Amino acid sequence: DGGITQSPKYLFRKEGQNVTLSCEQNLNHDAMYWYRQDPGQGLRLIYYSQIVNDFQKGDIAEGYSVSREKKESFPLTVTSAQKNPTAFYLCASSIAHASNQPQHFGDGTRLSIL
Amino acid sequence: AQTVTQSQPEMSVQEAETVTLSCTYDTSESDYYLFWYKQPPSRQMILVIRQEAYKQQNATENRFSVNFQKAAKSFSLKISDSQLGDAAMYFCAYRRGGNQFYFGTGTSLTVIP
């Protein structure tokens, strides 16, 4: 079955440490996204990518970095510059330039500070 | 800028009854798409229903239907015959011609047995 796989499900970060969240999709989607979800704030866009080797900042990109070297993969790095990284992170993908198509989501990664 | 507003942080409904969740959005575009997603306690985001702005007919998926009022920029979700499994966070989302989606802050629905 096609879908989006996020790993790990739970992740712990020490102070000053960078951590990377994995997102892989086999839906052949061009567009991929990273969202952060905090209680009462819905989904906030961190980064998105419309095509390989290209990505754009979302509303809360500071302290995060991404890469898109392969169509299937869009890893998110939470750097030590992100002072409040504790949140639930969702990866999504969609068919690009097809407005009637929804996003498909992974099961998420919960990041906590040690 | 596009914004999506869900003014009801929490709602509750008796099992087997009907509930309506509100969503309004702000846009200057004429062609766009609207979606409702459900997020149960498992945190998985599940597409519930979608609506194309150029269609006047309201979308329906089994017990889920929308009331789309384009002029009022309103897109409410009606759940009929509510079931315990409907308990979840519900998010309204907007997409126009580009690849960016805009989400509301969500409504937490409780279903009372």
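The values are calculated or read from the model by the stated rules, or taken from the named source; none is laboratory data. Here the structure is a predicted model, which is why all the values come from computation and not from measurement. All Cβ positions, glycine included, derive from the backbone under ideal geometry; neighbour counts span all protein chains shown. Areas reflect the complete protein model, heavy atoms only, side chains present, ligands, DNA and RNA absent. Shrake-Rupley method; radii C 1.70, N 1.55, O 1.52, S 1.80 Å.
Per-structure values
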| item | result |
| --- | --- |
| Qualifying residue in the range B:95-107 (condition: under 26 Å from A:Tyr89 (Cβ atoms), open to solvent by 20 Å² or more (accessible area, probe 1.4 Å) and away from chain A (no Cβ under 14 Å)) | no |
| Set A:Tyr35, A:Tyr48, A:Tyr89: member being among the aromatic types (Phe, Trp, Tyr), farther than 20 Å from B:Tyr94 by Cβ, crowded, with 17+ Cβ neighbours inside 10 Å and within 14 Å of another protein chain (Cβ to nearest Cβ) | A:Tyr89 |
| Residues that are facing another protein chain (nearest Cβ under 7 Å) and assigned to a strand (DSSP E or B), drawn from the range A:99-114 | A:Phe105 |
| Residues of the range A:58-78 satisfying the condition of being within 13 Å of A:Glu24 (Cβ to Cβ) and either part of a strand (DSSP E or B) or of a type in the set (Val, Ile, Thr) (or both) | A:Lys70, A:Ser73, A:Leu76 |
| Condition broken by A:Pro75, with the remaining ones in (1) within 13 Å of chain B (Cβ to nearest Cβ); (2) farther than 30 Å from B:Glu10 by Cα; (3) in contact (Cβ under 8 Å) with a residue 24 or more places away in the chain satisfied | (1) |
| Unique residue being at negative phi, surrounded by fewer than 17 Cβ atoms within 10 Å (Cβ to Cβ), free of Cβ contacts under 8 Å to residues at least 60 places away in the same chain and in a loop (DSSP other than H, G, I, E, B) when the list is A:Ala96, A:Ala81 | A:Ala81 |
| Every pair of residues 6+ apart whose Cβ atoms lie under 9 Å, when the first sits in the range B:32-47 and is free of Cβ contacts under 8 Å to residues at least 24 places away in the same chain and within 7 Å of chain A (Cβ to nearest Cβ) while the second is open to solvent by 10 Å² or more (accessible area, probe 1.4 Å) and outside any strand (DSSP E or B) | B:Arg43/A:Asp107; B:Gln44/A:Asp107 |
| Search result, residues across the range B:54-91 that are touching a residue at least 24 places away in the same chain (Cβ under 8 Å), within 11 Å of chain A (Cβ to nearest Cβ) and not aromatic (Phe, Trp, Tyr) | B:Met89 |
| Subset of the range B:34-73 [part of a loop (DSSP other than H, G, I, E, B) and within 16 Å of B:Leu109 (Cα to Cα)] | B:Pro40, B:Pro41, B:Ser42, B:Arg43, B:Gln44, B:Met45, B:Arg63 |
| Selection within the range B:13-55 - over 27 Å from A:Tyr89 (Cα atoms), more than 15 Å from the chain's Cα centre (by Cα) and open to solvent by 70 Å² or more (accessible area, probe 1.4 Å) | B:Gln14, B:Glu15, B:Glu17, B:Ser28, B:Glu29, B:Ser30, B:Asp31, B:Tyr54, B:Lys55 |
| Hits in the range B:4-21 (condition: more than 14 Å from chain A (Cβ to nearest Cβ) and out of contact with any Leu (no Cβ under 8 Å at 6 or more places or on another chain)) | B:Gln14, B:Ala16, B:Glu17, B:Thr18 |
| Positions within the range A:2-27 being open to solvent by 50 Å² or more (accessible area, probe 1.4 Å) and among the charged types (D, E, K, R), in sequence order | A:Lys9, A:Lys14, A:Glu15, A:Glu24 |
| Residue count for the range B:13-24, restricted to those that are farther than 26 Å from A:Gly108 by Cα and assigned to a strand (DSSP E or B) | 5 |
